[in-house]
Structure formats: structure tokens, C-alpha cells
Amino acid sequence: MIKRATVLGRNRPFRPAGFPFGRIAVLLGSALVVSVALAGCAGSGKQADAPAAGNKTTSSSAPAPGSTSPGPATGSSDAPCRQWSCTPGQPVRLGDGYSVRLWSSAAPTTALKQPDLSTPVLQLLHEDQHRQWWVGRAGFGWTAKLDCLPAAGKAIAHCAVLAEVGSHAGTAELVLLRSGALDSPAQAGVTFDGGRPLAADFDHDGWLDVLGTENDYQPNYASGRNYWATYRLVDGSLQRTGCLPRRTAAEAPPERLLTGECPVRFPS
């Protein structure tokens, strides 16, 4: 049974371990079978003080998410995504000598082993020297996009890592620069039903907000209505502010935080 209600500040938590199940699994079908492994094995995104242990699902050379390199990185041979032939983007300056760059995996080919397990990877630099690797919890590494803002007012330097996953789903994770390290609380991530989301500071408070598409599944995704939905960071958690019907795929995205009614699905 599906009902609607006005939901302000509702948090749609980022739950990689359960990502492929429930309504999304029904929709993605076989396209998300491998995403189960991605979600379960991409890890927690927490910081580590020692070299990362091996990823049990892939190989002993794959690091745990959010792991910190014990020494200087010399290039692609040190990258956590090296088995997927990833390459670095241009560094984005965060201030105080810090910068971050996104490493993008190569698009899937028959030569790449389990490419769907490759999630977005960030490299933190200080004065152009390697400081830390950060590995995303979910999202395809070859579809990722990075948006960042330096510290401003009460907002610290941070980035939004945006990616597609499965047939039409998308993910957003906010990554914060705290005490010289990248940190991404699980509550600072959200999943969507309509591909890779967008990020912008809609309310001009110095923090990136997230905009994506959700579906009311009435009675299923193919027949359901799509909605724009916006999320803002509140006490370290991305919380939904409201929604707006999305009438066509070509419709221009909103340029403000939304406050309208959102689709809500209750268990039958």
C-alpha cells in the first residue's frame, strides 16, 4: 500500500548493505545482482590508522573503504582502484594547502575483472603530497562526479561524490575534511531512483545540498510518478526537505531547496 504525506526533514538513509533489496531490487533485477556485492563489500567509509586489509570479495590487494595510505603514493600503482584501471582527475583545492581528486575507473570491458565492484575513490593531498585514500560505499566508479566547496562560515571544506548504480539508481555521499582527514558518516549519504544526482548550495549556507529523483512506485517504477527531491545536511545527516513532481526527463532541475509533498511508501 502506498500513501503520501508531507515529509519535511525526513532522512532517507544511505544503507549500502541493504541497497539492492526492497523496492530497488524489484526494479533493477539482474542489473543489480552484482551491486549486492558492491554494497556489501564497499565497506563503511570509516578512517583507518593502518594499511587496509584485503577485500574478501575481490582480492587481497583491495583496501578497505576510507583507508589511509601508510606512505607517499607514487601514482596509479598505489590507487585502491588500480585493478580497474582507474585514472586521476585534476586536484580540487579545498584551502589550507589541502586538495582532493577523484580517481575514475575505466568503463566496463571484458578485460576488467568484476568492474561493478569499483566504487568512487578520492585522494587527499596536502601541499601536493599524498595524505589519504577514501573509497566510496557504493556507486559505479566510472560514472562518478565530484563537487567540492572550501570552508566558508560555519561550513568546513567538503565534497559531494555523486554516481550512478544499477539500471537507474544513483548515490550521493558527502565527504568532510576534518582535522586533516576525509570523513564520511553513513548518515551523510543518500540513494535515489533516477540516476546520478546533482549537488549545489541551494540555500547559500556554505554546505552542498543534494538533488535527485525519487519514484512513488504506484503501482511500480515503470508506471509510477517521478519526483525531484532535495536533501540538506543537518547535524551530520542528509535529510530530505521536500519534493516536486518531475513531469518529463528533459525538465530542468530546480534551483532551490524543495518543501512540497513527497511520495512515501509504507509496508503493506
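The values are calculated or read from the model by the stated rules, or taken from the named source; none is laboratory data. Keep in mind that this is a model prediction, so the values were computed, not measured. Glycine gets a Cβ as well: all are built from the backbone with ideal geometry, and neighbour counts include every protein chain shown.
Residues in the range 150-165: is at least one in a loop (DSSP other than H, G, I, E, B), modelled with pLDDT of 95 or more, among the small types (Gly, Ala, Ser) and out of contact with any helix residue (DSSP H, G or I) (no Cβ under 8 Å at 6 or more places or on another chain)?
Within the range 150-165 (the criterion being in a loop (DSSP other than H, G, I, E, B), modelled with pLDDT of 95 or more, among the small types (Gly, Ala, Ser) and out of contact with any helix residue (DSSP H, G or I) (no Cβ under 8 Å at 6 or more places or on another chain)), the answer is yes, since at least one residue qualifies.
Which number in (1) touching a Leu at 6+ places or on another chain (Cβ under 8 Å); (2) modelled with pLDDT of 95 or more; (3) farther than 23 Å from Val161 by Cα; (4) not small (Gly, Ala, Ser) marks the one condition that Pro245 misses?
All conditions pass for Pro245, except number (1).
What residue, among those in the range 193-224 that are within 19 Å of Val161 (Cβ to Cβ) and at pLDDT below 95, is surrounded by the most Cβ atoms within 10 Å (Cβ to Cβ)? Quick ask: steps written out before the conclusion?
Of all residues in the range 193-224, those within 19 Å of Val161 (Cβ to Cβ) come to 193-202, 206-213.
Still in the running and at pLDDT below 95: 193-195.
Working: Asp193: 22, Gly194: 20, Gly195: 18.
Across the range 193-224, the extreme among qualifying residues is Asp193.
Please list, ordered by first then second residue, the pairs with beta carbon atoms under 9 Å, 6 or more apart or interchain, first in the range 93-110 and among the acidic types (Asp, Glu), second not in a strand (DSSP E or B).
Asp96/Pro150; Asp96/Ala151; Asp96/Ala157; Asp96/Gly180
How many residues, within the range 140-149, are buried (at least 24 other Cβ atoms within 10 Å of the Cβ) and assigned to a strand (DSSP E or B)?
So the answer is 0.
If I go through the range 182-192 residue by residue, how many of them are crowded, with 22+ Cβ neighbours inside 10 Å and either touching a helix residue (DSSP H, G or I) at 6+ places or on another chain (Cβ under 9 Å) or over 30 Å from Gln218 (Cα atoms) (or both)? I'd like the intermediate steps shown before the answer.
Here is the first cut: in the range 182-192, the ones crowded, with 22+ Cβ neighbours inside 10 Å are 182, 184, 188-192.
Adding the requirement that they be either touching a helix residue (DSSP H, G or I) at 6+ places or on another chain (Cβ under 9 Å) or over 30 Å from Gln218 (Cα atoms) (or both) leaves 182, 184, 189, 191.
So the answer is 4.
Considering Ser167, Ser179, which residue is over 15 Å from Arg137 (Cβ atoms), surrounded by fewer than 23 Cβ atoms within 10 Å (Cβ to Cβ) and touching a residue at least 24 places away in the same chain (Cβ under 8 Å)?
Exactly one of Ser167, Ser179 is over 15 Å from Arg137 (Cβ atoms), surrounded by fewer than 23 Cβ atoms within 10 Å (Cβ to Cβ) and touching a residue at least 24 places away in the same chain (Cβ under 8 Å), namely Ser167.
Within the range 53-65, does at least one residue satisfy the condition of being at pLDDT 90 or above, within 24 Å of Arg196 (Cβ to Cβ) and not basic (Lys, Arg)?
Scanning the range 53-65 turns up no residue that is at pLDDT 90 or above, within 24 Å of Arg196 (Cβ to Cβ) and not basic (Lys, Arg).
Name the residue that is farthest from Ala169 (Cα to Cα), counting only residues in the range 225-238 that are surrounded by fewer than 19 Cβ atoms within 10 Å (Cβ to Cβ) and out of contact with any helix residue (DSSP H, G or I) (no Cβ under 9 Å at 6 or more places or on another chain).
It comes out as Val234.
What about Cys81, is it of a type outside the set (S, T, N, Q) and modelled with pLDDT of 95 or more?
no
Scanning for something assigned to a strand (DSSP E or B), farther than 18 Å from Arg256 by Cβ, in contact with a Gly (Cβ under 7 Å, 6 or more places away or on another chain) and charged (D, E, K, R), does the range 171-180 turn up at least one residue?
Looking for residues that are assigned to a strand (DSSP E or B), farther than 18 Å from Arg256 by Cβ, in contact with a Gly (Cβ under 7 Å, 6 or more places away or on another chain) and charged (D, E, K, R), one finds at least one in the range 171-180, hence yes.
Taking the range 96-116 only, how many residues are of a type in the set (Val, Ile, Thr) and in contact with a Lys or Arg (Cβ under 6 Å, 6 or more places away or on another chain)?
0
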